[in-house]
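I have placed the structure first, in the form of structure tokens, so that the comments after it can refer back to it.
The values are calculated or read from the model by the stated rules, or taken from the named source; none is laboratory data. Bear in mind the structure is a predicted one, so any value in this text is a computation, not a measurement. Every residue, glycine among them, receives a Cβ derived from its backbone with ideal geometry; neighbour counts consider all protein chains shown. Side chains are part of the model used for accessible areas, which takes the heavy atoms of the whole protein and leaves out ligands, DNA and RNA. Shrake-Rupley method; radii C 1.70, N 1.55, O 1.52, S 1.80 Å.
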Amino acid sequence: MRLPFFYGWMIVAVTFVTMAIGVNARTAFSLFFPPIVSEFGWERGVTAGAFSFGFVVSAGVSPLIGRLMDRYGPRGVMELGVALMGSGLLLAPLTSQPWHLYLTIGVLVGAGSVCLGYSGQSLFLPNWFIRRRGLAIGLAFAGVGIGSVTLLPWVQHMIEQTGWRTACTAMGIIVFVVLAPINLLLRKRPEDIGLLPDGDAAPTETSAKQISNVVDPVWAATDWTLGRALGTARFWWICLGYFGGLYIWYAVQVHQTKFLLDIGFSANVAVWALGVVSLLGIPGQVWLGHLSDRIGREWIWAISCLGFAICFAALIGLKYAPSLPLVYLMIVTQGVLGYGLTSVMGAIVLEIFQGKQYGSIFGTIMLAALAGGAAGPWATGFLYDLYGSYTLAFAIGIAVSVLSAIAIWQASPRKIRAVAGQLHTVP
């Protein structure tokens with residue numbers, strides 16, 4: 001049936017809802033973290049390690065998810081993610097030993113989040129757009145912000161009223177009831193249903209010739225397999241950049257709430273800060289995604305890393321001078337700027353290694369990225385347990401932010417394919 005709008009926007013809408021629930025179901029661990037520590041008396045590093053272990057699992061299955069996407073498409077991958085994440089959330093309330101948490105939140109929710117989160121969506125969503133790729137991804141991933149300001153306060157309310165176990169069970173039910181049916185609407189690429197990217201009409205003999213966005217014809221014409229990609233410096237620069245990007249993202253996200261509580265802020269302020277970060281990420285992701293279509297992906301990655309660096313600096317300052325203005329600075333730079341990383345993550349890899357094995361290549365790169373997501377929370381908690389302070393861990397976060405920005409500039413997607421706003425620079 002012909003729709004009155006481009007089906008790519010339906011893909012964006014489904015991704016929006018999936019991200020709103022799937023990503024925040026995992027983020028909710030930041031809210032479960034304090035009551036779990038209080039109930040069992042486990043060390044913070046051990047408890048936060050369950051979340052980090054989930055990233056180890058995610059990293060391990062990421063290449064497999066890429067191959068599954070290449071073979072079976074997004075519907076099979078997303079439904080697998082729903083089954084894994086929903087099961088993990090429903091079983092987590094049975095926890096009585098640390099390994100229970102590692103199995104449910106770590107293995108099941110961690111593996112499911114690869115499918116439902118940024119990694120899984122980036123395997124097919126960029127196929128639907130070229131000129132408006134950054135904008136479309138930014139809009140779709142902005143669902144995370146909407147979910148955070150609706151789901152996370154509700155989860156916190158349930159924790160306060162009925163305990164973390166009931167809240168975790170409710171999230172598992174939502175994952176199954178909402179996400180299982182809507183992800184049946186997904187398709188891998190517009191050509192699968194007789195369409196072209198961006199909703200363009202099929203070219204005719206009288207059509208104006210479209211300007212190519214290819215800057216390096218030799219590179220773009222290469223049939224990129226995973227083996228060939230592994231032999232390039234660009235592949236490893238992206239791995240380093242993505243490792244750093246998820247390291248800084250989750251180092252802040254997991255420990256931010258507990259840190260604010262430790263230095264004297266109320267639970268309401270700590271939970272509000274976590275929610276508002278994602279709320280501000282909505283305009284940040286959309287705006288920076290759109291801007292990446294004009295000025296290039298490297299600039300947006302660098303701007304986002306700068307946001308996280310300022311965020312870490314504000315957190316260090318908060319220890320010595322707790323004040324709401326510094327909290328506001330930490331929130332704004334993390335949300336408006338930092339969350340822009342996601343709007344270009346899929347585009348960077350696609351524009352460098354576009355081809356039939358893009359899923360396998362991206363999935364393997366995400367192994368490094370998810371390793372960073374695992375290292376960030378664990379290292380931050382470990383350094384706190386070792387020194388009794390977050391200062392050194394946050395200072396390392398600043399250094400990792402700088403390193404990540406440099407790595408993506410070295411990968412240079414602009415030297416392979418130009419974004420829409422830079423087509424005039426193509427020879």
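Quote the FRET efficiency, to the nearest 0.05, computed for TYR72 versus ASP385 with a Förster distance R0 of 30 Å and r equal to the Cβ-Cβ distance.
Approximately 0.10, to the nearest 0.05.
Give the cross-link partners of LYS319 among the aspartates and glutamates, using a straight C-alpha distance below 15 Å as the criterion and excluding same-chain residues fewer than 8 apart.
Filter leaves ASP262.
Considering Cα pairs under 8 angstrom that are at least six residues apart, work out the relative contact order of the chain and quote it in whole percent.
Normalised by residue count, the contact order of the chain is 28 percent.
Distance from the Cα centre of segment 130-154 to that of segment 350-404, in angstrom?
Their Cα centres are 21 Å away from one another.
Taking the solvent-accessible surface of protein heavy atoms with a 1.4 Å probe, what is the per residue accessible area of segment 281-427 in Å²?
Computed with neighbouring chains in place, this is 34 Å² per residue.
Where in segment 111-139 does the label zone of VAL426 land, with the point 7 angstrom along Cα→C-beta and an amide N cut-off under 20 Å?
Those under the cut-off are 126-137.
How do LEU31, LEU337 stack up against each other in accessible area, from largest to smallest, with a 1.4 angstrom probe?
LEU337, LEU31
With N denoting the number of residues in segment 34-108, provide Rg(C-alpha) divided by 2.2 N^0.38 Å, to two decimal places.
1.27
Taking the Cα-to-Cβ direction at ALA180 and at TRP99 and moving 7 Å from each Cα, how far apart do the two end points lie in nm?
It is 3.0 nm.
Pop out the carbon and sulfur fraction of the accessible area of the chain as a percent, whole number, probe 1.4 Å.
68 percent
Taking all protein chains together and a probe of 1.4 Å, list PHE5, PHE29 from the most accessible to the least accessible.
PHE5, PHE29
Could you work out which residue, out of THR150, THR257, THR18, moves most in a Gaussian network model of the chain, that is, has the largest mean-square fluctuation with Cα springs under 10 Å?
THR150
Once the principal axes of the Cα atoms of the chain are found, what is the range along each, listed largest first in whole angstroms?
Answer, in whole Å and largest first: 71, 42, 38 Å.
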